[in-house]
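The structure is given below, and queries will be raised subsequently.
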Amino acid sequence: MTHAIGEAWLAAQQRIDRLDARLLVQHVAGCSHADLIARPEKPLTLEQLSWLESLVTRRAEGEPLAYLLESAEFYGRSFTVSPAVLIPRPETEELVALALDRLAGIPAPRVLDLGTGSGIIAITLALEKPAARVTAVDISPAALEVARGNAERLGARVDFRPGSWFGPVAGERFDLVVSNPPYVAQGDPHLEMNGLPFEPRGALTDGVAQGDGLAYIRAIVAGAPDHLAPGGWLLFEHGYDQGEKSRNLLQAKQFKCILTQPDLAGIDRISGGRL
Ligand code: GLN
């Protein structure tokens, strides 16, 4: 076993991706990329070595890097993540950008984020639109704890409430309702790939056997008219093959200006409409 960061990096590269190895060494040693290059002989303590060993093993077993580093980037900010929450995806930044467009003309908009998880959407909207009054709901107390920690660290004012979808906001109306709900169909083989088995199942799928993954999107679209102000917008993320179904759901509830926006890969990813 080696005690220097440079050697530890080399050893880790034998087992995992080179960049992942570097980021894990930096995380454990609390050093920068520059330190690693300039001072490869910098020693690691035995505690740091055994911590690194366990992180490299977890990475080799497929656990996503974000959980090992306990952080992920979203919209230019660093958020704490834990296995209690979904890891932020770049496509969700598009949802935030669309939401900000819709808020542009409203001086102090009321915003609701459903199923906030780590809080990335609610917190980013609160920081990008400081006059907004943002409420965020999640059914998982462990997720809300992560979200509250992120809001505090980043200095965002968000009213977090525990509960299911519109449950905690009975009688309230918003100018924008936004959500990245669980939408992967329970039978989708994708759930067993790419690190998804390490993420909370309840953040990925509605859990309906032989379903289409849209149970929560149906609930959100059905509940939104009672919680939107006149002219208010509903925007939500969905799966690559759920654009048309999402638009049909919105149409059935008399939404106007119905849209589907592809993500950076050109895949249908966000739909919404205006009340
Ligand atoms: N887009 C995620 C994936 O990679 C799913 C996120 C979600 O269910 N909200 O599968």
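The values are calculated or read from the model by the stated rules, or taken from the named source; none is laboratory data. Being a predicted model, the structure only gives us computed values, none of them experimental. Backbone-built Cβ (ideal geometry, glycine too); neighbour counts: all protein chains shown.
Which residues, taken from the range 197-218, are aliphatic (A, V, I, L, M) and farther than 20 Å from D268 by Cβ?
Residues satisfying the conditions are A203, V208, A209.
Would you mind telling me which numbered condition in (1) in contact with a strand residue (DSSP E or B) (Cβ under 8 Å, 6 or more places away or on another chain); (2) under 25 Å from A97 (Cβ atoms) A185 fails?
Looking at each condition in turn, A185 falls short on (2).
Looking for whichever is of a type in the set (A, V, I, L, M, F, W, C) and under 16 Å from F74 (Cβ atoms) here; the options are I139, I121, I106. Which one fits?
Residue meeting the stated conditions: I121.
Please verify whether S271 is under 14 Å from L176 (Cα atoms), crowded, with 21+ Cβ neighbours inside 10 Å and at pLDDT 95 or above, treating the condition exactly as stated.
On the way: under 14 Å from L176 (Cα atoms): yes; crowded, with 21+ Cβ neighbours inside 10 Å: yes; at pLDDT 95 or above: yes.
Yes.
Out of (1) part of a strand (DSSP E or B); (2) touching a Phe, Trp or Tyr at 6+ places or on another chain (Cβ under 7 Å), the odd one out for I217 is which?
Unmet condition: (1).
With the range 72-169 as the region, which strands (runs of 3 or more DSSP E) entirely inside it contain at least 3 residues that are away from the ligand (no atom under 16 Å from the Cβ) and either touching a residue at least 60 places away in the same chain (Cβ under 8 Å) or out of contact with any helix residue (DSSP H, G or I) (no Cβ under 6 Å at 6 or more places or on another chain) (or both)? Spell out how you get there, then give the answer.
Working: elements: 77-80, 110-114, 133-138, 158-162.
Per the criteria, 77-80, 110-114.
Next question. In the set V178, V146, which member is more than 27 Å from K253 (Cβ to Cβ) and hydrophobic (A, V, I, L, M, F, W, C)?
Result of the check over V178, V146: V146.
Looking only at the range 72-93, how many residues end up being touching a strand residue (DSSP E or B) at 6+ places or on another chain (Cβ under 8 Å) and either at pLDDT below 95 or surrounded by fewer than 16 Cβ atoms within 10 Å (Cβ to Cβ) (or both)?
Number of matching residues: 3.
Of N194, N180, which residue is polar (S, T, N, Q) and farther than 20 Å from D113 by Cβ?
Answer to the selection: N194.
Another question about this same structure. Quick one: A209 ticks every box in (1) closer than 30 Å to Q254 by Cα; (2) touching a residue at least 60 places away in the same chain (Cβ under 8 Å) bar one, so which box is it?
(2)
Need the failing condition index for R201 against (1) in contact with a Pro (Cβ under 8 Å, 6 or more places away or on another chain); (2) within 18 Å of P88 (Cβ to Cβ); (3) within 12 Å of the ligand (Cβ to nearest atom), just the number.
Condition not satisfied by R201: (1).
Right, next: Take the range 204-233 and flag every residue that is within 27 Å of V81 (Cβ to Cβ) and more than 16 Å from the ligand (Cβ to nearest atom).
none
Still on this structure, please answer the following. Kindly indicate the residue of the range 54-71 that is within 16 Å of the ligand (Cβ to nearest atom) and part of a helix (DSSP H, G or I) and also farthest from the chain's Cα centre (by Cα) among those meeting that condition.
Restricting attention to the range 54-71, the residues satisfying the condition of being within 16 Å of the ligand (Cβ to nearest atom) are 62-67.
Subsequent filtering for residues that are part of a helix (DSSP H, G or I) retains 65-67.
On the way: L65: 14, A66: 11, Y67: 13 Å.
Taking the candidates together, the pick is L65.
Looking at A170, A151, A131, which is the one that is surrounded by 15 or more Cβ atoms within 10 Å (Cβ to Cβ) and either at negative phi or in contact with a Lys or Arg (Cβ under 7 Å, 6 or more places away or on another chain) (or both)?
That would be A151, the only listed residue that is surrounded by 15 or more Cβ atoms within 10 Å (Cβ to Cβ) and either at negative phi or in contact with a Lys or Arg (Cβ under 7 Å, 6 or more places away or on another chain) (or both).
Within the range 18-50, take every residue that is in contact with a Lys or Arg (Cβ under 9 Å, 6 or more places away or on another chain) and without any contact (Cβ under 8 Å) to a residue 40 or more places away in the chain and give me the one that is nearest to Y67 (Cα to Cα). Walk me through how you get there before you give the answer.
As a first pass, look at the range 18-50 and keep what is in contact with a Lys or Arg (Cβ under 9 Å, 6 or more places away or on another chain): 20-21, 24, 29, 31, 33, 35-36.
Among the residues that remain, those that are also without any contact (Cβ under 8 Å) to a residue 40 or more places away in the chain are: 21, 29, 31, 33, 35-36.
Numbers: A21: 14, A29: 17, C31: 19, H33: 20, D35: 23, L36: 22 Å.
Looking at the filtered set, the residue picked out is A21.
Let me ask something additional. Name the single residue, out of those in the range 180-193 being over 16 Å from the mean Cα position of the chain (by Cα) and in a loop (DSSP other than H, G, I, E, B), that is farthest from the ligand (Cβ to nearest atom).
For the range 180-193, the residue satisfying everything is G187.
Hey, among R274, R201, R247, which residue is among the basic types (K, R) and within 30 Å of S71 (Cβ to Cβ)?
R201
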